[in-house]
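Rule-based calculations on the coordinates, nothing more; no lab input. In this text, all values refer to a predicted model and were calculated from it rather than measured experimentally. Cβ sites come from the backbone with ideal geometry, for glycine too, and all protein chains shown count toward neighbours.
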Ligand SMILES: CC(C)(COP(=O)(O)OP(=O)(O)OC[C@H]1O[C@@H](n2cnc3c(N)ncnc32)[C@H](O)[C@@H]1OP(=O)(O)O)[C@@H](O)C(=O)NCCC(=O)NCCS
């Protein structure tokens, strides 16, 4: 009986170890490190521990990205997983994006900062969320080809952002709050509320 168990264990070990190594390589190297090799070498991508990169992550732009520990990006069963991408773009040299610890995101997140975007610890972000801290175009008709107003976005700790949410410049969301699916957020919102709609308003307190 013991011998049989040992044989079975040895077969399983031989089969699963290469498979697990392959998955490990696939997530860390192919989906995270390789697309961002230059950013890592230039210390423009700093991470406490390797995030779980289920979807490919591309850091573009010339600023700096900081990722805390135990973060995870992309979810196979979250919809629009295949051929999708998570794009984190600190657009200019002084732009900064800071992602806290234990942040989990669904697929196809876009973070685009001309100045500063911060995502608090333990936050959850749904599928197809876009967060931008600036207007890429001027408001005045003759300024449309110029960079518009630049602000910042601060997402507090333990915030849950639903699917398809768009968060615009100069927005802040207090800790524990929920942003309902499909909301367009502009402005400052307190802790412990549900906000939703276009433009987002407080729906109720938690
Ligand atoms: C925000 C949310 C959690 C609220 O859930 P809930 O507390 O059960 O809310 P209810 O369904 O009871 O609705 C409460 C009110 O909010 C409104 N509301 C709910 N979701 C809304 C939305 N996405 N946009 C605008 N208003 C919304 C309802 O119409 C209702 O308004 P009323 O009181 O005037 O009738 C839920 O609606 C939601 O958006 N979840 C996100 C789902 C998602 O994206 N999942 C992906 C996870 S990664």
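Quick check: anything in region 133-141 closer than 25 Å to residue 92 by Cα and within 16 Å of the ligand (Cβ to nearest atom)?
Checked against the condition, which is being closer than 25 Å to residue 92 by Cα and within 16 Å of the ligand (Cβ to nearest atom), region 133-141 yields no hits at all.
When the residues of region 174-188 are filtered to those that are within 13 Å of the ligand (Cβ to nearest atom) and under 20 Å from residue 121 (Cβ atoms), which remaining residue is surrounded by the fewest Cβ atoms within 10 Å (Cβ to Cβ)?
176
For residue 75, indicate whether it is in a loop (DSSP other than H, G, I, E, B) and crowded, with 16+ Cβ neighbours inside 10 Å.
Judged against the criteria, residue 75 is a match.
Of all residues being part of a strand (DSSP E or B), without any contact (Cβ under 8 Å) to a residue 40 or more places away in the chain and buried (at least 24 other Cβ atoms within 10 Å of the Cβ) in region 101-118, which is nearest to the ligand (Cβ to nearest atom)? Just the residue, please.
Restricting to residues being part of a strand (DSSP E or B), without any contact (Cβ under 8 Å) to a residue 40 or more places away in the chain and buried (at least 24 other Cβ atoms within 10 Å of the Cβ), the top hit is 105.
Just for region 189-206: of the residues that are within 9 Å of the ligand (Cβ to nearest atom) and within 21 Å of residue 152 (Cβ to Cβ), which one is surrounded by the fewest Cβ atoms within 10 Å (Cβ to Cβ)?
Among residues in region 189-206 that are within 9 Å of the ligand (Cβ to nearest atom) and within 21 Å of residue 152 (Cβ to Cβ), the one surrounded by the fewest Cβ atoms within 10 Å (Cβ to Cβ) is 195.
Only one of (1) touching a strand residue (DSSP E or B) at 6+ places or on another chain (Cβ under 9 Å); (2) more than 16 Å from the ligand (Cβ to nearest atom) fails for residue 128. Which number is that?
If we test residue 128 against (1) touching a strand residue (DSSP E or B) at 6+ places or on another chain (Cβ under 9 Å); (2) more than 16 Å from the ligand (Cβ to nearest atom), just (2) comes out false.
Could you grab me the full set of residues in region 37-53 that are surrounded by 15 or more Cβ atoms within 10 Å (Cβ to Cβ), within 19 Å of residue 113 (Cβ to Cβ) and within 15 Å of the chain's Cα centre (by Cα)?
Result: 45, 47, 51.
Please state which of the following conditions residue 164 fails to meet, knowing it meets all the rest: (1) more than 8 Å from the ligand (Cβ to nearest atom); (2) free of Cβ contacts under 8 Å to residues at least 40 places away in the same chain; (3) not in a strand (DSSP E or B).
Failed condition: (1).
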